[in-house]
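The values are calculated or read from the model by the stated rules, or taken from the named source; none is laboratory data. Computed from a predicted structure; not experimentally measured. Ligands, DNA and RNA are stripped out before the accessible areas are found, and what is left, the full protein with its side chains, is counted by its heavy atoms. Shrake-Rupley method; radii C 1.70, N 1.55, O 1.52, S 1.80 Å.
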Amino acid sequence: MPAVQLDLLEWLDGVTSPPVDRLCLRRVDPELNMHRFYVLGIERDLFGQWVLVREWGRIGRQGRVRANAYPSAAVAREARDQLADLKRRRGYRDLVEVPERRPFRWKGARPTQS
């Protein structure tokens, strides 16, 4: 049984992939106390579909996440570019360096270790 699980994990590793495209935008206006970020990434999910993952919120805080599936990477890139253009028209600017994703942090009590 463990050999079958190993083969499945190897297959899943081939199906899933890190983000193909990742675009980070931010909007900072100290006079309005506005410090926002918007991240657009294109990834493959476990079923092989292309997914546009959007993350947004206040800089320094955990934001919200939304994912939409698309039939191909080209369609996902087109949707990403349309959203990025909309955000740029609203005052967001591109980040030169793309930050790495922060690891998940537990809020409240941490689970006990056995």
| task | State all residues of the stretch 46-71 that are open to solvent by less than 40 Å² (accessible area, probe 1.4 Å) and not in a strand (DSSP E or B); if no residue qualifies, say none. | result | Gly48, Gly63
| query | Scanning for something polar (S, T, N, Q) and farther than 18 Å from Cys24 by Cα, does the stretch 50-71 turn up at least one residue? | reply | no
